[in-house]
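The values are calculated or read from the model by the stated rules, or taken from the named source; none is laboratory data. Being a predicted model, the structure only gives us computed values, none of them experimental. So basically every Cβ, Gly included, is an ideal-geometry build from the backbone, and we count neighbours across all protein chains shown. Side chains are part of the model used for accessible areas, which takes the heavy atoms of the whole protein and leaves out ligands, DNA and RNA. Shrake-Rupley method; radii C 1.70, N 1.55, O 1.52, S 1.80 Å.
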Amino acid sequence: MINENFSIVEMDESMNSNRIFQILLDQIPKHVIYDQTTQKLFVCFERMGKGSMIKVIDPHTKKSVKDVFLKDKETVTCVTIWNLKSTKRYICVGTKGYRDSNGIWGGRVLVYSLKLKSDKINYSLNQPGGYEFPHSVTAIKSYGPYLLVASGRTLNQLKIDESARTIVLGATIKLRSHTHSISTVEKYIFLGCIEDSICIYKAAFHEKKFIPITCDDIPHEIVDCIAFKQTLHSHIIFSLNTYQCINGYRFDDQKSILIQHLTFNLQEICLKFSMANLSTDIISSIENPIELNDFDFHLDWDIKLPKKFIYCISNQGTLYKLTKLSSFIYTILIFIQDLLELHPNTKPLLGGTLKSFRSTPYQQYQNMIDGLFIKQFCKLNESDRKSIMIHFNDWWVHVFQIKYRNSVLVGGEALLIKKDVVLATDVDVIIQRLES
């Protein structure tokens, strides 16, 4: 979405090319979500001096099939798909700037049902329900038959009362700060907050309450977060903050411990995580819990591409891709990265270091590979590559092979550990496979 253009990129693997379609709108789009059921785009944008407008767009015809106008000064803040069951879903919108009949300002959750009419041509967009809050709605998240809503300094559970056919409030809890993002894995709810960074709650809806578990010790203003289950009792959480950093956390649900183990300064603000494989899918925000194994993979010379990657998009238009590495590949690349930092043709300018560049005054760079920096290896001349690999192989024989000799390795990893000397072309393959 750029200015008043909404662009759709269609991937064509057979032709090895992409086609870009543009849809011209009257205003700048603010939010978009793709409805798999109807294969339509739900696009929200603000009208200058008026309330938001919602357009339902057919990406194939590039035409709007339905328009909805909100009340004056009421604007959309978030949008999600509420998956009640496999055959039933609603499109939900959170708003701010809503003024009720008593003149009190607040926010709403609006629930829409988009269906194909009996003529099989036109669509109907109905609003079967909604719920009003005394404060702006800042985040919403589908959670099975429930909808989680952050409004003001509260976290709320909405559900459908089948007998009255209305949306009612269930559990609610007061928070210490406003929330920008909600992610869920099984019974755990992960909040990206303005003052408390990552906060973790446990859903106990049979008792009509949220149970506080733990939160980050260091306050950051989180703009988005995403969580995955790693093992039976371990979870991984990624967050984006206003310090231009990606942070990674490990959460042990047995000990209720949250530990930050990953930091990387992007040097620009990213506002949203998305998950997709760009070779096959449209980028779409995560709406359902996804196992960490969905993007875990081992790296061999016939690399098995992950099902999905994590992407984050900056406000300057940069697209970053994150992928998980095995400890074996990470150890190789981190040493190559260290050697590149010392080499006269690739070291940072003016005596700087990669660590200082990828850190902030509040957080130190740790446990990530700078893909943009390490790609330089593939572009060096043969002499420079050879000098780097001489240093690498001195370390390889004395440290690396001993460390991984008894490890369970697969594919190309197992083949590589048997080599007495690692070639520059081996490193090329690793970098190129990851880049693809």
- Would you please list the contacts, defined by Cβ atoms under 8 Å and residues six or more apart or on different chains, that run from a residue in the range 312-337 that is under 17 Å from Asn241 (Cβ atoms) to a residue that is crowded, with 17+ Cβ neighbours inside 10 Å and among the acidic types (Asp, Glu)? Cys312/Asp224
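Quickly run through the range 228-250 and pick out the residues that are in a strand (DSSP E or B), hydrophobic (A, V, I, L, M, F, W, C) and without any contact (Cβ under 8 Å) to a residue 40 or more places away in the chain. Quick ask: steps written out before the conclusion?
Our first condition is that a residue be in a strand (DSSP E or B); within the range 228-250, this holds for 228-231, 234-241, 245-250.
From the residues that got through so far, the ones that are hydrophobic (A, V, I, L, M, F, W, C) too are 228, 236-238, 240, 245-246.
Residues satisfying the conditions do not exist here.
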- Give me the pairs: first residue in the range 359-388 and over 17 Å from Val429 (Cβ atoms), second residue open to solvent by 80 Å² or more (accessible area, probe 1.4 Å) and not in a loop (DSSP other than H, G, I, E, B), beta-carbon distance under 7 Å, and six or more apart or on different chains, which are they? Tyr365/Lys355
- Item | Residues satisfying the stated conditions in the range 48-99, i.e. surrounded by fewer than 21 Cβ atoms within 10 Å (Cβ to Cβ) and of a type in the set (Lys, Arg) | Lys50, Lys62, Lys63, Lys66, Lys71, Lys73, Lys85, Lys88, Arg89, Arg99
- Looking only at residues in the range 371-403 that are closer than 19 Å to Lys324 by Cα and surrounded by fewer than 16 Cβ atoms within 10 Å (Cβ to Cβ), which one is modelled with the highest pLDDT? Lys375
- Query: How many residues, within the range 168-184, are more than 23 Å from Lys272 (Cβ to Cβ) and crowded, with 20+ Cβ neighbours inside 10 Å?
  - Reply: 1
- Contacts under 7 angstrom Cβ, first residue in the range 404-432 being surrounded by 17 or more Cβ atoms within 10 Å (Cβ to Cβ), partner among the small types (Gly, Ala, Ser), 6 or more apart: Glu413/Ser326
- Task: Output yes when any residue across the range 154-162 is β-branched (Val, Ile, Thr), crowded, with 21+ Cβ neighbours inside 10 Å and assigned to a strand (DSSP E or B), and no when none is.
- Result: no
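Give the number of residues within the range 33-51 that are modelled with pLDDT under 80 and not hydrophobic (A, V, I, L, M, F, W, C).
Within the range 33-51, residues that are modelled with pLDDT under 80 and not hydrophobic (A, V, I, L, M, F, W, C) number 2.
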